[in-house]
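One structure is given here, and the rest of the page talks about it.
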Amino acid sequence: MRQFILYIAGIFSILFLLYVYREDNQQLNDKSSIKIYASGSFMSSWGPGPELKALFEERTGLKISFIEMSDPGITLQKVSFSAEEAMGDIVIGLDQFDIARFTDKVRWKDISHLNTISQSTFASSGLNLNELKNSDKFMNFIPYDWSAVTFVKRTDSNYQINYLPDLLKPSLKSKIAFEDPRTSSPGLQFLLWVASTQSEDQAIQFLKDLNTHAHSFSPNWSTAYGLFKNKNADLVLSYITSPIYHLVEENDANYQALEFKEGLPVQVEFMGLLASCKNCEAAHKFITFVQSKEGQRIIMNKNYMLPMDKQITEGTAFDTLRVFKLLDFKVYSKEEINKWLRIWSDIRKNDG
């Protein structure tokens, strides 16, 4: 009797696995469904993902499924291991450093013909992306939003900051919340901002001094910004668009993005299409949609980043942003990025 029960249980297990396999394959081969790797914040109820999904599905009849990408490097490594069995079609939310460091792990489709936003449009935003044209790395990726990185303070604070070395003023000791460049995109922006505006020796000494001067180096932006919001820190490394968030969402104008004489570094976010995509033509439609005025407006209002087309900001709170001096967008090599990350790791290990 016991053997019979085990036999029946085995049959049911096999049938169940076959059913699951069949369902997964049907979903995988469903040509009306696009699968998109995206960050948790992009997919969240307050992020742009749900609204983009709803409007795109309504207009096209196609379906979107998001797959959470907690870490671009790990996600793309998993995709490289699974090769042709990868579930996703599109990867959205890669910045220029992710592309330099991680995207050679997998193959990508050429989608340059889908880029509907011209270089002159970028220039109207004060954004110089000319270097992209000379980089093979970026041929397979399309930018969809951007913001300059800077420090944000409350307007009732009296700190006078004009240059990066001003961050080392005694009055700012233990008052600035940073993000760790090893785990955070704004943190890496800051590290290379320092490296690009000072000699190597000066930059290393500045980082050593900053290591013992800062309030903290958080693993991500949200943790650092939380310290600032809770008044544990007086300044935080963030984006020029952060005060717009407080103005729109909280009706609070008590936040200011700082200008630096050196110029501000720029973070640009991109999307790409995996060579192993199952629904490539449908994915093309989504990539085009993200660049449309409706798509750009959703991303601006939900992601609190600037659209690639400046016209989208007209008549909105984003149109009130002051004009900041920006550094030219620079394409860094993986070796150069890793070199400065090693320098930072050594500083943290020896002086932290």
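Only the coordinates and a few stated rules stand behind these numbers; no lab work does. All of these numbers come straight from a predicted model, not from anything done at the bench. Cβ placement follows ideal geometry from the backbone for every residue including glycine, while neighbour counts extend to all protein chains displayed.
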Tilt, helix 200-213 to longest principal axis of the chain (alpha-carbon atoms), in degrees rounded to tens, equals 90
Quick one: length gained pulling residue 67 to residue 110 fully straight, 0.36 nm per residue minus the C-alpha distance?
-> 13.3 nm
Relative to the Cα centre, what is the charge dipole magnitude of the stretch 299-352, using +1 at the beta carbon of each Lys and Arg, -1 at the beta carbon of each Asp and Glu, and rounding to the nearest 20 debye?
-> 200
Could you tell me the distance between the Cα centroids of the stretch 42-114 and the stretch 143-205, to the nearest Å?
-> 29
Fewest-first ranking of 308, 43, using other Cβ atoms within 10 Å as the exposure measure = 43, 308
Please go through the stretch 164-253 and write out the trypsin sites (Lys or Arg not before Pro) that DSSP classes as loop and that have at most 11 other C-beta atoms within 10 Å.
-> 231
Using Cα atoms only, what is the angle between the long axis of helix 334-351 and the major principal axis of the chain, expressed in degrees (0 to 90) to the nearest 10?
-> 60
Extension gain residue 174-residue 162, at 0.36 nm per residue separation less the Cα-Cα distance, in nm?
-> 2.4 nm
Have a look at the DSSP beta bridges in the chain and tell me what percent are antiparallel, nearest 5.
-> 60
Please work out whether the stretch 183-244 counts as rounded, prolate or oblate from its C-alpha gyration tensor, where a ≥ b ≥ c are the square roots of the eigenvalues and a/c under 1.5 means rounded, while otherwise a/b larger than b/c means prolate and anything else oblate?
-> prolate
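Among the trypsin sites (Lys or Arg not before Pro) in the stretch 237-307, which ones are in a DSSP loop with at most 16 other Cβ atoms within 10 Å of the Cβ? Mind listing them?
Here the sparse-neighbourhood loop sites are 261.
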